[in-house]
1. Using only helices, what value at 222 nm comes out for the chain when you add -39,500 (n - 2.57) per DSSP H run of length 4 or more and divide by the total residues, to the nearest 500 deg cm²/dmol?
2. What does the accessible area per residue of the stretch 6-131 come to in Å², with a 1.4 Å probe and no ligands, DNA or RNA counted?
3. Going by average Cβ neighbours within 10 Å, how do the peptides 69-82, 33-46 rank, with the highest at the top?
4. Quick one: among 110, 47, 23, which has the greatest mean-square fluctuation in a GNM of the chain with alpha-carbon springs under 10 angstrom?
5. Any chance you could give the angle, 0 to 90 degrees and rounded to 10, that helix 92-104 forms with the longest Cα principal axis of the chain?
6. With Cβ to Cβ distances under 10 Å as the rule, what net charge do the other residues near residue 73 carry (K, R +1; D, E -1)?
7. Tell me, what % of the accessible area of the stretch 15-76 is carbon and sulfur with a 1.4 angstrom probe?
8. Residues with amide H under 5 Å of residue 40's amide H, sequence separation 5 or more or different chain, H placed in the peptide plane at 1.01 Å from N; which?
Amino acid sequence: PLESLAARLHPDGRVKFLGRVGQERLLGFYNSGIVSAVALASIDLGQGAHEGIPVALMEAMGYGVPVVATSTGGIPELVNRETGILAPPGDAAALADGLERALTGGTASQRLASLGRRYVAENHDVVSIAATLEQWFQGQ
């Protein structure tokens, strides 16, 4: 049904359904600049079952791709009004609005992408995290 809807709304083929995409290919898409935004719609399942900090969002942000996500689990630790766009869980209209803002926001979208990239580089770099963990383990 989504493919039929996309074909009706965008007969020029702008919307493509690629199926499962491996990580190497996905990172290649990010690196080439063909991905304009990434959306992650997560929900809280209750009883502590929710997203942690999604690597998928960190990867996109690390390549300077604007992100839109739901404010559940650990996502707000990564995505905030400076680094991306948050929508309430289960609110499809707010998620769509955020995605539209990310795609059409011009300078504002570029600013989010830039700040998101910097945040990930400064706070989620694997080398610096490993060094911190090593120091903690040696201290015990």
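1. -16000 deg cm²/dmol
2. So the stretch 6-131 comes to 62 Å² accessible per residue, rounded to a whole number.
3. 69-82, 33-46
4. Sorting by GNM fluctuation, first place goes to 47.
5. 90
6. Net of charged neighbours comes to -3.
7. 53
8. 68, 69, 70
The values are calculated or read from the model by the stated rules, or taken from the named source; none is laboratory data. Bear in mind the structure is a predicted one, so any value in this text is a computation, not a measurement. Please note: Cβ atoms are built from the backbone with ideal geometry, for glycine as well, and neighbour counts cover all protein chains shown. The area values use the complete protein model at the heavy-atom level, side chains included, leaving out ligands, DNA and RNA. Shrake-Rupley method; radii C 1.70, N 1.55, O 1.52, S 1.80 Å.
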